Structures are given as C-alpha cells and as structure tokens.
Amino acid sequence: MTDAASPPIAGTGAPQPGAPQPGPIETEALEHIRALIRIDSVNTGEAATIGDGETRAALYVKEHLDEVGYETVLVEPRPGRASVIARLPGSNPDAGALVAHAHLDVVPVDADDWTHPPFGAEIHDGLLYGRGAVDMKDFAGMLLAIARAFRRDGIVPRRDLIFAFFADEEAGGVWGARWIVENRPELFAGATEALSEVGGFSIPLPDDRRAYLVATAEKGVTVATLTARGAAAHGSRPTADNAVVRVARAVAAIGEHRFPVVRTATLERFLEVYGRASGEPLDGDDLSRLGFSASVIDAGARNTVSPTVLTAGGKINVIPAAASATLDVRVVPGQADALREELADVVGGDIEIAWSREIPAIEAPAEGRLMDVLQDAVTAEDPDGTVVPYLLPASTDNKHLSRLGIRGYGFVPLRVPADFDVFGQFHTADECVPVEALFFGTRVTARILRDA
C-alpha cells in the first residue's frame, strides 16, 4: 500500500491475528521515528562534509523533552555535531542509573539504489522505509516517546534513567559519546548499566516461537597493516621478491584462513539458552540451523580479519619496493594476544605487521537483574519469547560508556516475521522495519525502563 496517515498494523503484509492495537505512546513513537528519519543527518566521517543534520535532530529531541519539563543538556563540541542528554529520577536513589541511548546520525545513502525515498519515512505494506529505520532512529523515537510519557503521566521508574541521544556514532563517536565521556562525565554520574543497539530483534525458533538476541558483549576493533618489501625494479624484468606478489599471497592466506571458535562466557550462554529453547543442543562449530542469523553469531564466536585496503606502486612499469594491505580486525574478548600470534603465523615471517587504533572488547554479565527484566518485558508481549545473549561482532557507543564503568547491553526489541533479517537492514538500501515491530518495541522498552 502507499503511505497513509494511519497505517495498518502489519509485519510484511497483513496484521498478525490478535496483535494489540497501538495506544498513544506507540502512536507517538512512530510519529517521532518518522520525523527523525526525515531529518537528513548523514555522517560521512569527513570533516569537510559535516552538515547540520545531527544538530537539527538533537534540537528536535530537545524541544520535545523540554516541552514536558525535562532539564536537557545540549552538547555540541563542534558545529553540526550535537547530542542531547536528560535525566529522570527514579524511586530508588541507591540503584545505579540506567543509560538508555540512541545515536542520531546515519550512514550515507545512494538514492538511486532505493525503491523509496531514503528520507521520506514512507510506509508501504506495513513497512516503514528510510535511512535510520533500524539504525537507529527507531530506538531514538521510542525513547523520546517513552521519556515524554513517563514525565507527562508521572511514572517514576525504579532507578534513575539517563536518556542520551548521541551524535557521530557512525564515525566512531569522536564528537558524540566519546567526547562527552572524556569531557562531561558528570552527565552519567551514578550510571552502572546502559541499553542501546544492536540486539532485541527476534530470530525464529521451532513452532513459530522467537528468540530475542541481547548483545552482552562486543568484539574489540583494531587495524593491522601488512607490508611486504622487495627490490624496486623495471616492470619488464620480473623479480623473485616482488612485494606486490608477496603481500597478495599474504592476503589470500588470510582469506582462506578460518579462526577457531572461542568459547567465551557469552557464547556458552547463547548455546545453552538457545539450545534449550529450541529443544535441541546447539554446537558452536555448526550454527547452520540458525539460518540468516548464523553469520552474525558465527562472526561473534571467533576472531575475524578482513582485508579492506590494498596499496602498491604508482606507475605501471615500475615494480615497487613495498606493498601493503590494511586489515579490519575484530577481536573476541580476551583474545588480543592470541590473535596477533595466529595472524603472524598465517601471513609468514617475511611480512611486517603494524598495529593501530585498538579499541578493546567489552563484556557484561549474561545473567542478572537486568537480563531478568528484559525477559519479563518480552514475556508480557510474547509469552513464548526467549531472551538469548550473544556477542556482537561490531561496535556501539557502549564501548565509550564502558570507560566510566558502565556495563552495556544491546537490546532494541523488535518482533518480526521469521524470514525478516533485521541485522541485514543495517546500512543497506531500502532499509525498513515492520511498523508493528515498532509498536511492540515501544511497549517492551517502556516496561524495561520502568522496572529495570
């Protein structure tokens, strides 16, 4: 169907039988999500192309928080890169505060690749399309609606809630979460845990049941640069120590190498909980029965190295004296030293390896009160749903908050049809999310923030 003011509740087609009709908070959340998507806040990561989209999005959030009586803090360390933070006191001052955060920037788009306008926030056949629909203006809109409802309706959560809407996450949080942690840490005073991306979306279990992934850990990120050196020569006389050939062999060896599974506490818990929920033990070395989610779980179960940039030569008839390859390296918690040793063995002793930009892995407890609250909130909406911890193979702003001792969890709850790959929507053309999933997510998140 075409875009309409009052879209039907739908997944990838007709409404699910018995699905709750949206109430005021769900309706408001959808309005905010669509409004935020319509603000072009693309973050290219290049200083020369910074626009004011992130600040416009932050001002939108600030205006709507101010309207219901929040004391908001707008932080803009450089023009166009604004974040907004507000705190709602809880009933138990001794309980550590919970940070609920989303980022307001999005990755670039090529509009020619989209079927629907990337900043149109149009709804077709029950799907909301637009850049940020899942990454992550959906959660920003949910949090804004929930924050307003709590304040407006006098709902007092168990613990202090710190609502944070960050800039610059897609470029590493340099002018967003990282800058605030380094320069305004008092804004997170008393915080012990955080809730944000990437998780909460459902994956199928047998008998039309669902597991809801929660990221209790994130892999570390580092960069390795391989360099091969040889004698420069004329291109007409091939040499035995051609640096280009040698670095190419090293890259090919990396492409063929598969790092072993590391049985982290998070992976063990995932295998245990998912295996029990599915009624059949799950082997960490064979995740094929997970379907489209297998690649995400597998990437979190082992170290990974992806060659991404090759640099060699400058003239066709000159064999260069050096050639290099840059690698995107993702590290399982506790495996940094082991990975370096294994990579050196894979590429061989005649290849130099230089390391840079190391961001350590983080890991939060896969059991405890917050995990129980997540499960209870899901059960209230999906009685057969099971919350399952997993290790996110990417990074979020939780890594920056961890420097303040804040334990981060990725959980944006979305109940989707069994064949809908939420993780596959990140950074893709025609990014979309079922409208019904947004309503579900708003209800579940409201319960979490009230009871956490």
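The values are calculated or read from the model by the stated rules, or taken from the named source; none is laboratory data. The structure presented is a predicted model; accordingly, all values stated were derived computationally and were not measured. Backbone-built Cβ (ideal geometry, glycine too); neighbour counts: all protein chains shown. Side chains included, ligands, DNA and RNA excluded: accessible areas come from the protein's heavy atoms. Shrake-Rupley method; radii C 1.70, N 1.55, O 1.52, S 1.80 Å.
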Quiz item: Considering only region 100-152, how many residues are aromatic (Phe, Trp, Tyr), open to solvent by 20 Å² or more (accessible area, probe 1.4 Å) and not in a loop (DSSP other than H, G, I, E, B)?
Solution: 1
Quiz item: Where residues in region 42-57 are of a type in the set (D, E, K, R) and not in a loop (DSSP other than H, G, I, E, B), which of them is least open to solvent (accessible area, probe 1.4 Å)?
Solution: GLU54
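Just to be sure before I move on: is THR192 assigned to a loop (DSSP other than H, G, I, E, B), of a type in the set (S, T, N, Q), in contact (Cβ under 8 Å) with a residue 24 or more places away in the chain and open to solvent by 10 Å² or more (accessible area, probe 1.4 Å) in the structure I sent?
No; evaluated as a whole, the condition is false for this residue.
How many residues does region 292-316 contain that are hydrophobic (A, V, I, L, M, F, W, C) and closer than 16 Å to TYR390 by Cβ? Walk me through it before giving the result.
If we filter region 292-316 for residues that are hydrophobic (A, V, I, L, M, F, W, C), which is where we start, we get 292, 294, 296-297, 299, 301, 305, 309-310, 312, 316.
Checking the rest, the ones that are also closer than 16 Å to TYR390 by Cβ come to 292, 294, 296-297, 299, 301.
Counting residues in region 292-316 that are hydrophobic (A, V, I, L, M, F, W, C) and closer than 16 Å to TYR390 by Cβ gives 6.
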Quiz item: VAL181 versus (1) under 25 Å from ALA429 (Cβ atoms); (2) of a type outside the set (Ser, Thr, Tyr); (3) assigned to a helix (DSSP H, G or I): which is the lone unmet condition?
Solution: (1)
Quiz item: Which condition number does TYR409 fail, the rest of (1) at pLDDT 95 or above; (2) open to solvent by 10 Å² or more (accessible area, probe 1.4 Å); (3) not in a helix (DSSP H, G or I) being met?
Solution: (2)
Exercise. Note down all Cβ pairs under 9 Å where the first residue falls in region 321-333 and is on the phi < 0 side of the Ramachandran plot, the second is in a loop (DSSP other than H, G, I, E, B) and among the basic types (Lys, Arg), and they're at least six residues apart or on different chains.
Key: ARG330/LYS219; VAL331/LYS219; VAL332/LYS219; PRO333/LYS219
Exercise. Filter region 13-41 down to residues that are modelled with pLDDT under 95 and either within 20 Å of ASP168 (Cβ to Cβ) or open to solvent by less than 60 Å² (accessible area, probe 1.4 Å) (or both), then give me how many there are.
Key: 6
Quiz item: Are there any pairs, at least 6 apart or on different chains, whose C-beta atoms fall under 8 Å, with the first in region 163-180 and basic (Lys, Arg) and the second open to solvent by 10 Å² or more (accessible area, probe 1.4 Å), and if so, which?
Solution: ARG178/GLY172; ARG178/HIS400
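Here's the yes/no breakdown for (1) β-branched (Val, Ile, Thr); (2) modelled with pLDDT of 95 or more; (3) crowded, with 24+ Cβ neighbours inside 10 Å; (4) assigned to a helix (DSSP H, G or I):
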| site | (1), (2), (3), (4) |
| --- | --- |
| ILE353 | yes, yes, no, no |
| ALA380 | no, yes, no, yes |
| SER395 | no, no, no, no |
| SER402 | no, yes, no, yes |
| ALA437 | no, yes, yes, yes |
| VAL444 | yes, yes, yes, yes |
| ARG447 | no, yes, no, yes |
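Can you pull out the residues in region 153-187 that are at positive phi and buried (at least 24 other Cβ atoms within 10 Å of the Cβ)?
At the first step, the residues of region 153-187 found to be at positive phi are 154, 168, 172-173.
Within region 153-187, ASP168, GLY173 meet the criteria.
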Quiz item: Of all the helices (runs of 4 or more DSSP H) wholly in region 209-327, which have at least 3 residues that are open to solvent by 50 Å² or more (accessible area, probe 1.4 Å) and either farther than 24 Å from LEU343 by Cβ or of a type in the set (Lys, Arg) (or both)?
Solution: 265-278
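When the residues of region 60-75 are narrowed to those that are touching a residue at least 24 places away in the same chain (Cβ under 8 Å) and out of contact with any Ser or Thr (no Cβ under 7 Å at 6 or more places or on another chain), which ends up most open to solvent (accessible area, probe 1.4 Å)? Lay out the reasoning, then the answer.
Step one: of region 60-75, the residues touching a residue at least 24 places away in the same chain (Cβ under 8 Å) are 60-61, 64-65, 67-70, 73, 75.
Those left that are additionally out of contact with any Ser or Thr (no Cβ under 7 Å at 6 or more places or on another chain): 60-61, 64, 67-70, 73.
Values: TYR60: 44, VAL61: 0, HIS64: 35, GLU67: 126, VAL68: 31, GLY69: 37, TYR70: 13, VAL73: 43 Å².
In this case the residue turns out to be GLU67.
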Quiz item: When ASP382 is evaluated against the numbered criteria (1) in contact (Cβ under 8 Å) with a residue 60 or more places away in the chain; (2) within 14 Å of the chain's Cα centre (by Cα), which criterion, by number, is the only one it fails?
Solution: (2)
Quiz item: Of the residues in region 382-409, how many are touching a helix residue (DSSP H, G or I) at 6+ places or on another chain (Cβ under 6 Å), within 22 Å of TYR274 (Cβ to Cβ) and not hydrophobic (A, V, I, L, M, F, W, C)?
Solution: 6
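Quick check on this structure: which one of VAL412, VAL347, VAL373 is more than 22 Å from ASP160 (Cβ to Cβ), touching a helix residue (DSSP H, G or I) at 6+ places or on another chain (Cβ under 9 Å) and not small (Gly, Ala, Ser)?
Working: VAL412 fails: more than 22 Å from ASP160 (Cβ to Cβ); VAL373 fails: more than 22 Å from ASP160 (Cβ to Cβ).
Checking each option against the conditions leaves just VAL347.
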Quiz item: Just one of the numbered conditions (1) of a type in the set (S, T, N, Q); (2) modelled with pLDDT of 90 or more; (3) in contact with a strand residue (DSSP E or B) (Cβ under 7 Å, 6 or more places away or on another chain) is not true of SER236; which one?
Solution: (3)
